Amino acid sequence: MQDVFAELSWRGLVHQTTDPNLGAWLREKPRTIYAGFDPTADSLHVGHLVALMTLRRFQKAGHRPIAVIGGATGMIGDPSGKSEERQLLSPETLQANIAGMAPQLRRFLDFECGSASALLLNNYDWIGPISYLEFLRDVGKHTPVSVMLAKESVRTRLERSEGGLSYTEFSYMLLQAYDFVHLYQAYGCELQIGGSDQWGNITAGIDLARRLCGVQLYGLTCPLLTRSDGAKMGKTEAGAIWLSAQRTSPYQFYQYWINLPDADVGTCLRFFTDLETDAIEAALAEHQNDPSRREGQKLLAGELTRLVHGEEALAAARRASDILFGAEIDHLTDAQLEAIFADVPSRPLSKTRLEGEGLWIVEALCEAGLAKTRSEARRLIAQGGVYLNNRRVDDMERRLGPQDLAGQTILVLRTGKKNYALLRFGE
């Protein structure tokens, strides 16, 4: 057995454990481990990567991982780490969210590797059929209110003068505790992992298992994902960084890690990649020799984009990144161009402007706002400072047609090194 606990400790992924001898316990034999993911959106986000990669490391060390989608718990909402009550989701929204999350979870785990094969489960399958009275008799009876009130996730909400905590959210802890008991009884699961905000829920499950089954279960929490400046990792001004290509394009995902502050590179390489200790330490040494080359960020962005989106998407993201540094634009879609040039000014024009004789390059520069007058546009071309789809334009009389489009409807114009503008041709 690989010493997964030692590896997790080196990577900084052990925040708390319910047993100081957890490492020795894990070395005894293969164990079954689970982490839960409530379907609060139709995609996982960067914040879920800690639990996902931790499950993945357990599996690579020979243990069996279970990923549980909270079809039942998601109907209530976890109060842990929240200052106010979550909005309840409709059954239809929950099902759509589950359908979006499931294939993402499957990318991180191996479901066909013998005894360590992963399981993907939905807790609605065992919680849904239980009646309210059954739950009160079989679970509520064994859970002291004093213990629940002592949990930090509950106490901090009750101490707030506004909002407080509803009975619905107060019950969430019981549902997650029952998950742990069920997974022990059905699959022999003995260890639950989660973020540090899940400590109360995890220990509630351990306590319930002891009272109901007379067994000792275990818990391990990982640190919450924050940057070196204290800000939450995976958040931008535009919102969360999602694992869904529809919500966050592979290019945007790749660029998030490329732009990561130097102080966070080491932590993220340890948290989020399959790279071994020697490879990470060598990469960090190279990065520290010349941080301006951003070799650490490039390695991290490549490893994570490949894992989340695949090799083809990584190649496209790298090509898109090169475009911003002047690489020729070819064989891209409008969606890819919009992701690359999200902050670049654009102007809509009728597609008829490209028909017949076509759009004069001088007029195109004026329409795009890259030149104030035709005289200025001519001067820019004469000086060799005008580019169409990152190819230099030398012909002052050039006419642009449909064959010059960089995507389905977009032309990319540039003056100088980085002064971009888009022209969009529609009806």
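Structure values in brief
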read-out	value
Candidate set from region 105-115 (those that are surrounded by fewer than 19 Cβ atoms within 10 Å (Cβ to Cβ) and not small (Gly, Ala, Ser)); member that is farthest from Ser43 (Cα to Cα)	Cys113
Total residues in region 176-205, condition buried (at least 21 other Cβ atoms within 10 Å of the Cβ) and either of a type in the set (A, V, I, L, M, F, W, C) or not assigned by TED's automatic domain parsing to the domain that holds Gly47 (or both)	9
Check on Phe111, without any contact (Cβ under 8 Å) to a residue 60 or more places away in the chain, farther than 21 Å from Arg210 by Cα and not acidic (Asp, Glu)	yes
Conditions (1) within 19 Å of Tyr256 (Cβ to Cβ); (2) surrounded by fewer than 18 Cβ atoms within 10 Å (Cβ to Cβ); (3) of a type in the set (Asp, Glu); number of the one not met by Glu276	(1)
Set Leu413, Leu314: member being within 31 Å of the chain's Cα centre (by Cα) and modelled with pLDDT of 90 or more	Leu314
Residue count for region 117-139, restricted to those that are without any contact (Cβ under 8 Å) to a residue 12 or more places away in the chain and either of a type outside the set (D, E, K, R) or not assigned by TED's automatic domain parsing to the domain that holds Tyr167 (or both)	6
Unique match (being over 21 Å from Thr226 (Cβ atoms) and at pLDDT below 95) among Leu22, Leu105, Leu89	Leu89
Residue match in region 86-107 (condition: touching a strand residue (DSSP E or B) at 6+ places or on another chain (Cβ under 9 Å), assigned to a helix (DSSP H, G or I) and within 25 Å of Pro223 (Cβ to Cβ))	yes
All positions within region 171-200 that are in a loop (DSSP other than H, G, I, E, B) and aromatic (Phe, Trp, Tyr)	none
Checklist (1) assigned to a loop (DSSP other than H, G, I, E, B); (2) touching a residue at least 40 places away in the same chain (Cβ under 8 Å) applied to Leu411, failing item	(1)
Qualifying residue in region 378-391 (condition: hydrophobic (A, V, I, L, M, F, W, C), outside any helix (DSSP H, G or I) and outside the structural domain of Trp257 (by TED's automatic domain parsing))	yes
Every residue from region 201-248 that is of a type in the set (Ser, Thr, Tyr) and either in a loop (DSSP other than H, G, I, E, B) or more than 24 Å from Thr156 (Cα to Cα) (or both)	Tyr218, Ser228, Thr236, Ser244, Thr248
Contacts under 6 angstrom Cβ, first residue in region 383-398 being under 21 Å from Ile323 (Cβ atoms), partner charged (D, E, K, R) and surrounded by 19 or more Cβ atoms within 10 Å (Cβ to Cβ), 6 or more apart	Tyr387/Arg414
Asp19 being more than 22 Å from Trp126 (Cβ to Cβ), without any contact (Cβ under 8 Å) to a residue 60 or more places away in the chain and among the acidic types (Asp, Glu)	no
Per-region count, region 221-247, residues free of Cβ contacts under 8 Å to residues at least 40 places away in the same chain and surrounded by 19 or more Cβ atoms within 10 Å (Cβ to Cβ)	0
Residues of region 325-356 that turn out to be farther than 27 Å from Arg399 by Cβ and at pLDDT below 85, as a count	4
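Condition check ((1) charged (D, E, K, R); (2) touching a Lys or Arg at 6+ places or on another chain (Cβ under 9 Å); (3) in the same structural domain as Leu174 (by TED's automatic domain parsing)) across all residues:
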| residue | (1), (2), (3) |
| --- | --- |
| Arg27 | yes, no, yes |
| Ala35 | no, no, yes |
| Leu44 | no, no, yes |
| Gly71 | no, no, yes |
| Asp78 | yes, yes, yes |
| Leu88 | no, no, yes |
| Gln104 | no, no, yes |
| Gly114 | no, no, yes |
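Residues checked against (1) under 30 Å from Leu304 (Cβ atoms); (2) buried (at least 20 other Cβ atoms within 10 Å of the Cβ); (3) in contact with a Cys (Cβ under 9 Å, 6 or more places away or on another chain):
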position: Glu328; (1), (2), (3): yes, no, no
position: Thr352; (1), (2), (3): no, no, no
position: Val412; (1), (2), (3): yes, yes, no
position: Gly426; (1), (2), (3): no, no, no
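The values are calculated or read from the model by the stated rules, or taken from the named source; none is laboratory data. Every value quoted in this text rests on a predicted model; they were computed, and no experiment measured them. Because the Cβ atoms are built from the backbone with ideal geometry, glycine has one as well, and the counts that use them run over all protein chains shown.
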